[in-house]
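Colleague: I am attaching a structure below and will ask some questions about it afterwards.
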Amino acid sequence: MRRINIDRVKPGMVLGKTIYGYNYEMLLNKGVIITENHITRLKNKGFFKIYIDDEETADVVIEDPISDKIRIMATKDVLKTYTITQASLEHIEADTTEAIIKCINTQKIKRAFQENLAFKQLCKDMNAFVDEIMNTDVLSGLNSIKSFDNYTYEHSIDTAIIALIFGKRLSLNREKLKQIAMGEFLHDIGKIFIDEKIINKPGKLTPDEYEQVKLHTIYGYELLKDIGDIEAASAHITYQHHERQDGKGYPRGLRGNNRLDRGMIKYTDQEKIILIAEIAAIADFYDACISDRPYRKGLLPDFVYELIKSGSGTQFNKELVECFLGVMPKYPVGSEVRIKNGINKDFTGVVMSLNTQQLSRPKVKLLRDAKKNKITPFEFDLSSNSSIDMECIS
């Protein structure tokens with residue numbers, strides 16, 4: 001199996017992963033023979049990349065960190081929590097930041113959220129989600145197929161997956177892991193209080209629009225901070241996931257110390273960036289960058305990997321970045337790659353498997369030569385070829 005851009009999908013190819021619609025109805029089942037009509041339909045629904053099965057990559061196994069059943073369950077819970085809460089805002093008029101915050105803190109809004117049956121279900125389903133992640137030590141990649149319509153909810157699930165793998169690597173206890181999951185599920189809920197035209201704008205935001213979007217951290221925190229089923233730590237993920245180590249983040253310009261806080265963390269202390277919010281900052285940045293959006297295609301995973309490395313110490317907690325490099329591969333399994341030097345320069349292929357001791361040096365199956373001609377496939381192990389470099393091409 002491999003992931004390819006929708007523009008390169010041809011009729012007759014075999015779909016490698018099931019694709020779901022807005023309400024998580026099945027659009028196309030795994031194994032279906034793709035037609036021209038399928039391709040047009042997927043493009044119209046905003047799918048930029050899909051997975052295909054073919055003979056060349058039949059031995060490339062892409063393991064998902066969670067099952068389709070648990071992913072769909074959690075995504076539906078998040079989707080319904082957002083949409084039902086948003087529906088309670090229909091008859092509310094507030095056009096200033098202060099008025100919106102005052103509105104959020106009314107009994108009507110707080111009750112609408114806390115008594116939301118979808119939110120109650122989300123709380124119940126949390127354990128199953130955390131349990132599945134606990135069976136994973138290293139991510140082979142994020143394998144969800146996001147559409148434009150479901151981006152917010154699928155992004156919430158993928159950031160939770162990344163953050164929980166972090167938490168497991170740091171040996172955080174189960175209660176902290178549940179706090180992480182809840183905070184990540186709802187980290188963008190403040191966006192429901194912002195004009196949808198701004199949130200879904202296909203082009204670059206104006207400075208004023210960007211300032212409005214930044215307020216989602218405050219709105220989300222104000223909504224969650226007094227909810228009985230949400231720990232203060234989870235609410236602070238919503239509040240702090242855009243703060244930076246150098247104090248140049250928002251909404252409060254908090255500074256970090258670039259170290260892991262292994263002591264007792266005072267989660268109600270509003271003058272520090274809490275550890276799980278620092279984890280969330282990396283998870284949110286990574287998934288947002290690699291995801292396709294209406295106004296741009298997702299950035300390639302090796303490029304985003306390097307962006308996070310370069311942001312170590314300024315944007316992101318330096319010690320947490322080291323942890324990130326130990327759980328997230330630079331080249332996810334199933335990615336198409338190009339060799340950049342050596343005798344196989346410009347040969348292309350697919351990442352076959354990871355070396356858990358050297359995540360950035362995987363095993364690759366080369367399929368095409370420098371002139372894009374098919375070759376007899378052969379495996380190329382980067383862990384034993386330290387001088388060879390490569391790059392993702394999809």
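The values are calculated or read from the model by the stated rules, or taken from the named source; none is laboratory data. Everything numeric here is computed off the predicted structure, so don't read it as measured data. Note: ideal-geometry Cβ built from the backbone for every residue, glycine included; neighbour counts use all protein chains shown.
Colleague: For region 335-383, enumerate the residues that are aliphatic (A, V, I, L, M), closer than 15 Å to E56 by Cβ and under 25 Å from the mean Cα position of the chain (by Cα).
Modeller: Listed by number, the residues that qualify are V337, V350, V351, M352, V364.
Colleague: Can you name the residue in region 250-275 that is hydrophobic (A, V, I, L, M, F, W, C) and modelled with pLDDT of 90 or more and, of all such residues, is farthest from S171 (Cα to Cα)?
Modeller: Among them, the one singled out is L254.
Colleague: In this structure, is S353 surrounded by 12 or more Cβ atoms within 10 Å (Cβ to Cβ), among the small types (G, A, S) and in a strand (DSSP E or B)?
Modeller: Criteria met by S353.
Colleague: Filter the helices (runs of 4 or more DSSP H) completely within region 218-318 down to those with at least 1 residues that are in contact (Cβ under 8 Å) with a residue 40 or more places away in the chain, in the same structural domain as F185 (by TED's automatic domain parsing) and in contact with a Pro (Cβ under 6 Å, 6 or more places away or on another chain). Steps first, please.
Modeller: Values: elements: 232-240, 275-290, 301-310.
Of the helices (runs of 4 or more DSSP H) lying wholly inside region 218-318, those with at least 1 residues that are in contact (Cβ under 8 Å) with a residue 40 or more places away in the chain, in the same structural domain as F185 (by TED's automatic domain parsing) and in contact with a Pro (Cβ under 6 Å, 6 or more places away or on another chain) span 275-290, 301-310.
Colleague: Sticking with this one: Within region 5-20, identify whether any single residue is hydrophobic (A, V, I, L, M, F, W, C), over 28 Å from I375 (Cβ atoms) and touching a strand residue (DSSP E or B) at 6+ places or on another chain (Cβ under 7 Å), and answer yes or no. Steps first, answer last, please.
Modeller: Taking region 5-20 first, the residues hydrophobic (A, V, I, L, M, F, W, C) are 6, 9, 13-15, 19.
Add one more test, that the residue is over 28 Å from I375 (Cβ atoms), and what stays is 19.
Cutting the leftovers down to touching a strand residue (DSSP E or B) at 6+ places or on another chain (Cβ under 7 Å) gives us 19.
Checked against the condition, which is being hydrophobic (A, V, I, L, M, F, W, C), over 28 Å from I375 (Cβ atoms) and touching a strand residue (DSSP E or B) at 6+ places or on another chain (Cβ under 7 Å), region 5-20 yields at least one hit.
Colleague: A further question on this structure: Conditions first: (1) surrounded by 17 or more Cβ atoms within 10 Å (Cβ to Cβ); (2) out of contact with any Gly (no Cβ under 7 Å at 6 or more places or on another chain). E322 passes all but one, so which condition is the exception?
Modeller: Only one criterion is unmet by E322, namely (1).
Colleague: Still on this structure, please answer the following. Name the single residue, out of those in region 319-330 being touching a residue at least 60 places away in the same chain (Cβ under 8 Å) and in a loop (DSSP other than H, G, I, E, B), that is nearest to the chain's Cα centre (by Cα).
Modeller: Taking region 319-330 first, the residues touching a residue at least 60 places away in the same chain (Cβ under 8 Å) are 319-320, 323-324, 326-329.
Those left that are additionally in a loop (DSSP other than H, G, I, E, B): 326-329.
Values: G326: 17, V327: 14, M328: 12, P329: 14 Å.
The residue in question is M328.
Colleague: Continuing with the same structure: For region 5-52, which residues satisfy the criterion of being closer than 30 Å to D77 by Cβ and of a type in the set (D, E, K, R)?
Modeller: Matches in region 5-52: K17, E25, K30, R41, K43, K45, K49.
Colleague: Looking at this structure, is K110 surrounded by 13 or more Cβ atoms within 10 Å (Cβ to Cβ) and assigned to a helix (DSSP H, G or I)?
Modeller: Against the criterion (surrounded by 13 or more Cβ atoms within 10 Å (Cβ to Cβ) and assigned to a helix (DSSP H, G or I)), K110 qualifies.
Colleague: For region 333-348, give me each residue that is part of a strand (DSSP E or B) and over 20 Å from V304 (Cα atoms).
Modeller: Of everything in region 333-348, just one residue is part of a strand (DSSP E or B) and over 20 Å from V304 (Cα atoms), namely T348.
Colleague: Every residue in region 73-93 that is charged (D, E, K, R) and either outside the structural domain of F113 (by TED's automatic domain parsing) or modelled with pLDDT under 90 (or both), please. Steps first, please.
Modeller: Taking region 73-93 and keeping what is charged (D, E, K, R), we get 76-77, 80, 90, 93.
Answer for region 73-93, where residues must be charged (D, E, K, R) and either outside the structural domain of F113 (by TED's automatic domain parsing) or modelled with pLDDT under 90 (or both): E90, E93.
Colleague: Kindly provide the set of residues from region 30-53 that are exposed (fewer than 15 other Cβ atoms within 10 Å of the Cβ), in contact with a Gly (Cβ under 9 Å, 6 or more places away or on another chain) and in contact (Cβ under 8 Å) with a residue 24 or more places away in the chain, ordered by number.
Modeller: The one that is exposed (fewer than 15 other Cβ atoms within 10 Å of the Cβ), in contact with a Gly (Cβ under 9 Å, 6 or more places away or on another chain) and in contact (Cβ under 8 Å) with a residue 24 or more places away in the chain: T35.
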